[in-house]
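Single-structure report; data block below.
The values are calculated or read from the model by the stated rules, or taken from the named source; none is laboratory data. All figures in this text were calculated on a predicted structure; none of them were measured in a lab. Counting neighbours? That spans all protein chains shown, and the Cβs are built from the backbone with ideal geometry, glycine included. Just so you know, the surface numbers come from the protein's heavy atoms only, side chains and all, with ligands and any DNA or RNA stripped out. Shrake-Rupley method; radii C 1.70, N 1.55, O 1.52, S 1.80 Å.
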Amino acid sequence: MSTTHTRPVTRRRPTLRPSWHAVPWAFGAGVVGVQIAFPLTGGGTPTLTVLAVALFAAASVSHALLTRGPAAAVGLVVVAGGGGLLVEAVGLATGVPFGEYRYTGTLGPEVLGVPVVVPLAWAMMAYPSLVVGRRLAAALGRGRGAVTVLGAWALATWDVFLDPQMVEAGHWYWLEPWPTLPGVPGIPVSNFAGWLLVALLMIAALDRVVPAPQEGDDRLPLTLWCWTFLSSTMAAAVFFGRPSVALVGGVLMGLVGVPLLVVLRRHGART
């Protein structure tokens, strides 16, 4: 009688590979860490400001790349970064649409008189604002028009916090800072109107060139937008001595921020 011997089957252990989807989260964690240092340095140094913007922009662009593909990432850079550069250059030259202002040269290299970090800031915040607009519009059962309005409001109201901080830090100044937005001294109301106009055009364009995610989810951009809303309100009220800015900015940004937090609590942040 013959016996047949079979070799025991050995299974290969899967090779552990780092997930590229952790990269945007690493950039996002860096954003939070750097921004926490702002109150410890009296409002942030130029180096911290540039670093925070660069990390935030990297988080937004890399997330768009990994969840929506290369065309979406390029579209984000071109529309939000390139568009931001163009509108800032026009604004410096003509005073339209923000009012007359000047940069002081503290934010590093410039293109067309605009610090490179500024168009990066447009791109970094436009992307999560688009995601916020889409999430709220979906919760309301609304279409593309609602995405544009809600996303633009999410983007423009952030500047209620940004401008007072950057003016106080000496990064730019207004030639005629009046009439001001109520509760936000030193910042003309024309600036907020200009931001809202640009944000409407920018979000409308991004909604057409940045598709829904192919894989993964949108927890990172939603988290970064909510962090910006909540931390900016707290920092203005507690650390920077601007309670009126905290009130006005918190209310205006909260018009989308509070409903967003309710939606996320009910339905989660996954797409």
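Report the semi-axes of the equivalent ellipsoid for segment 202-271 in whole Å, largest first, where each axis is √(5λ) for an eigenvalue λ of the Cα gyration tensor. Write down the numbers at each step before the final one.
Numbers: eigenvalues 149, 42, 23 Å².
So the three semi-axes of segment 202-271 are 27, 14, 11 Å.
For the ranges 133-139, 98-104, 173-179, 250-256, what's the packing order if you count other beta-carbon atoms within 10 Å of each residue, average per peptide, and put the highest first? Provide the component values of the computation, followed by the final result.
Values: 133-139: 21.0, 98-104: 17.6, 173-179: 13.6, 250-256: 19.4.
With the highest mean Cβ count within 10 Å placed first, the list reads 133-139, 250-256, 98-104, 173-179.
So for each of 108-118, 44-54 I average, over its residues, the number of other beta carbons within 10 Å; can you give me the resulting order with the highest mean first?
Values: 108-118: 16.1, 44-54: 19.0.
Taking the mean over residues of other Cβ atoms within 10 Å, the ranking is 44-54, 108-118.
Please work out the Cα convex hull volume for segment 164-225 and give it in Å³ per residue. Don't skip to the end; give the middle numbers.
Details: hull volume 8.1 nm³, N = 62.
Per-residue hull volume (Cα only) is 131 Å³.
Which three lengths, in whole Å and largest first, does the chain cover when its Cα atoms are put on their principal axes?
Cα extents, longest axis first: 104, 41, 36 Å.
Where the accessible area of the chain is counted over protein heavy atoms with a 1.4 Å probe, how much of it, in %, is carbon and sulfur?
Values: 9080 of 13620 Å².
Of the solvent-accessible surface of the chain, carbon and sulfur hold 67 percent.
I'd like the per residue volume of the convex hull spanned by the Cα atoms of segment 86-240, given in cubic angstrom.
Working: hull volume 20.0 nm³, N = 155.
About 129 Å³ per residue, rounded to a whole number.
How many nm separate the modelled label positions at V189 and W20, each set 7 Å beyond the Cα in the direction of the Cβ?
4.9 nm
Tell me the angle of helix 144-156 to the major Cα principal axis of the chain, expressed in degrees between 0 and 90 and rounded to the nearest ten.
Between the helix axis and the principal axis of the chain, the angle is about 60 degrees.
Specify which residue in the list A199, V116, P259 is farthest towards the positive end of the charge dipole of the chain, using unit charges on the beta carbon of Lys, Arg (+1) and Asp, Glu (-1), about the Cα centre.
The listed residue farthest towards the positive side: P259.
Tell me the angle of helix 22-36 to the major Cα principal axis of the chain, expressed in degrees between 0 and 90 and rounded to the nearest ten.
That works out to roughly 30 degrees.
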